[in-house]
Amino acid sequence: MKRRGDIAANARKRIREPLGEAALFEYAVAALARRMRTERELRRLMSLRAEAGEEGVRAMDAVIRRLKEMNYLSDARFAADYTRLRKENEKLGRRRVQQDLAAKGVSPQLIATSVGAAYDDVDEEALAREYIARKRMKAPSGPDSKKQAARAMGRLLRAGFSSATVFRVLRTWGVDADEIDLDDSGSLENSDGE
């Protein structure tokens, strides 16, 4: 008699049939309908479902070509939208968005143009203050203010703000940047889930 755990384990191990070009196209359209993706991300997803070998590569190339012709897939549009959303909604700095786009497989030229267009007229210090407000960060105070300042500095740097901007923000809080001990426990930990 099979137990539920055995059945679930077998269901996870079940190998899916490889998809042909038409089914792969439908799979790719459904993946793009769920979330915007770069060409590299979509190729990675399709490679899990495509036939192995040269036939699968040819099918993926044909699907990518067709998606681009239909204007369903565009790394330039992805980079522009992603940059705009990360800047406007999450209040992230330029460097963080550049790193995220590079990790998603966007070309360096597209990253430079999309991030440049979005961030050229932005006051980085004002954006950092909006990030602080969004994350509800408070000015360091109390006996462990140096530790709190180090954490705040780490969070702002991870959010993509330049060190000069971070130091200016800390100075407005009355924190002397020279007094911050970066080796303080928790200062370089990812305490805010980023």
Being buried (at least 17 other Cβ atoms within 10 Å of the Cβ) and part of a helix (DSSP H, G or I) is the filter here; which residues of region 46-60 pass it? M46, R49, G56, A59, M60
Scanning region 1-26 for residues that are crowded, with 18+ Cβ neighbours inside 10 Å and modelled with pLDDT of 90 or more gives L24, F25
Picking from L101, L92, the residue that is closer than 30 Å to R136 by Cβ, at pLDDT below 95 and hydrophobic (A, V, I, L, M, F, W, C) would be L92
Restricting attention to region 103-116, does a residue exist that is assigned to a loop (DSSP other than H, G, I, E, B), under 30 Å from A33 (Cα atoms) and among the charged types (D, E, K, R)? yes
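Determine, yes or no, whether R134 is closer than 19 Å to V175 by Cα, assigned to a helix (DSSP H, G or I) and of a type outside the set (S, T, Y).
The answer is no for R134.
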Enumerate the pairs (first residue in region 23-47 and basic (K, R); second residue anywhere and outside any helix (DSSP H, G or I)) with beta-carbon separation below 6 Å, excluding pairs fewer than 6 apart on the same chain, so at least 6 apart or on different chains. R40/G105
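The values are calculated or read from the model by the stated rules, or taken from the named source; none is laboratory data. Predicted model, so just to flag it, every value in this text is computed and none were measured. FYI the Cβ positions are ideal-geometry reconstructions off the backbone, even for glycines, and counts take in every protein chain you see.
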